[in-house]
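The values are calculated or read from the model by the stated rules, or taken from the named source; none is laboratory data. Please read these numbers as outputs of a predicted model, since none were measured by experiment. Cβ: placed from backbone, ideal geometry, glycine included. Neighbour counts: every protein chain shown.
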Amino acid sequence: MWTVPGGGSSYRPQTTVPVRKPGFFKRIGIGWRLTKVSLGVLRKDKSLLLLPLLSFLIIVVSWIVFIVSIFLTVFPMGTFNIALFIVGIFFLYFFTYFITAFFAAAVMGAAMIRLNGGVGSAGEGLRVAARNAGRILGWAILSATVGVILRAIAERFGIIGRIVAGGASIAWGILTYLVIPTMIFERLGPWSAVKRSSRLIKETWGEAAGGYFTMGAIFALLGLLGILIFLAGIAIGSLTAILVFGIAAIVYWLILALFASTAQSILVTALYRYATTGQVAEGWPAGVLAPR
């Protein structure tokens, strides 16, 4: 049993497989309900959007610093040190994974408090992430290592390498879908969290697919509005209108991506909570809907 900080609520992961398993369409339906619950959490607390925004800004600045550093190093000296570049890429990957995971953990911490009936906030979420910084650091090292290896395979072995690396990347993403909530709520190390995540995904594959694709479909449809905005500028015909409407479309897509990123982190939390307790939303007793 564990207690989510600030949530005033604790729960015990189920250790036995329920006798009654939902069918395929039932699983997809539960995934859709988890999507609605996740969007409901975001609607109640839009301050959570600040967390992925901070993550995005920090990562953009770090990439700019890296690119500028490469130019300042290469052109004045007239040489390009490939070994130094690879080391730099690894640390950039590592830093990107760490920042992304840290702020995703913050969203998930706040979301879990909300789902358990508490009043989560961005500040509460950051405290949850900070308490798990060591585990997140380990996960960032593991993720960066896997990312660099797959990138090397893709670049070294041509089209076959790209196919292999792409397939491996998709499989890795699926198996590690629940790694972050597993680490921060069960206090597991990175590799143990990977194994735990893969087991939970195998048990709730239908619910995960239902939630992932319905959430994706919602934001994909909303993304089409940006195309309409851009087309409106083209329809007006002037260069000024095209630029103005084009910028408006880009800004809209960036804001939409912010909402999508936050909602996705909340969905991962809701799916993890469902996988370990059977609860779809606050007030639903465990076992009403079998999680596997």
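What are the residue pairs meeting all of these: first residue in region 114-143, first residue more than 14 Å from residue 101 (Cα to Cα), second residue hydroxyl-bearing (Ser, Thr, Tyr), Cβ atoms under 6 Å, and 6 or more apart or on different chains? Matching pairs, first to second residue: 116/9; 117/9; 122/47. Among the residues of region 148-189, just one is assigned to a helix (DSSP H, G or I) and on the phi > 0 side of the Ramachandran plot, namely 158.
Filter region 114-127 down to residues that are in a helix (DSSP H, G or I) and either crowded, with 24+ Cβ neighbours inside 10 Å or of a type in the set (Ser, Thr, Tyr) (or both) and give me whichever is modelled with the highest pLDDT. Once the filter is applied, the top-ranked residue is 125.
Going through (1) free of Cβ contacts under 8 Å to residues at least 40 places away in the same chain; (2) under 15 Å from the mean Cα position of the chain (by Cα) one by one, residue 149 falls short only on (2). Tell me, which residue of region 245-268 that is more than 25 Å from residue 122 (Cα to Cα) and surrounded by 15 or more Cβ atoms within 10 Å (Cβ to Cβ) is nearest to the chain's Cα centre (by Cα)? In this case the residue turns out to be 249.
Only one of 145, 100 is outside any loop (DSSP other than H, G, I, E, B) and within 30 Å of residue 36 (Cβ to Cβ). Can you tell me which?
It is 100.
Within the span defined as region 130-152, every residue fails to be surrounded by fewer than 19 Cβ atoms within 10 Å (Cβ to Cβ), at pLDDT 90 or above and within 30 Å of residue 28 (Cα to Cα).
If you take the residues in region 153-163 that are out of contact with any helix residue (DSSP H, G or I) (no Cβ under 6 Å at 6 or more places or on another chain) and of a type in the set (A, V, I, L, M), which one is surrounded by the most Cβ atoms within 10 Å (Cβ to Cβ)? Going through the qualifying residues, I end up with 163.
Go through the residues of region 203-226 one by one and say whether even a single one is among the polar types (S, T, N, Q) and either over 25 Å from residue 37 (Cα atoms) or surrounded by fewer than 16 Cβ atoms within 10 Å (Cβ to Cβ) (or both). Looking for residues that are among the polar types (S, T, N, Q) and either over 25 Å from residue 37 (Cα atoms) or surrounded by fewer than 16 Cβ atoms within 10 Å (Cβ to Cβ) (or both), one finds none in region 203-226, hence no.
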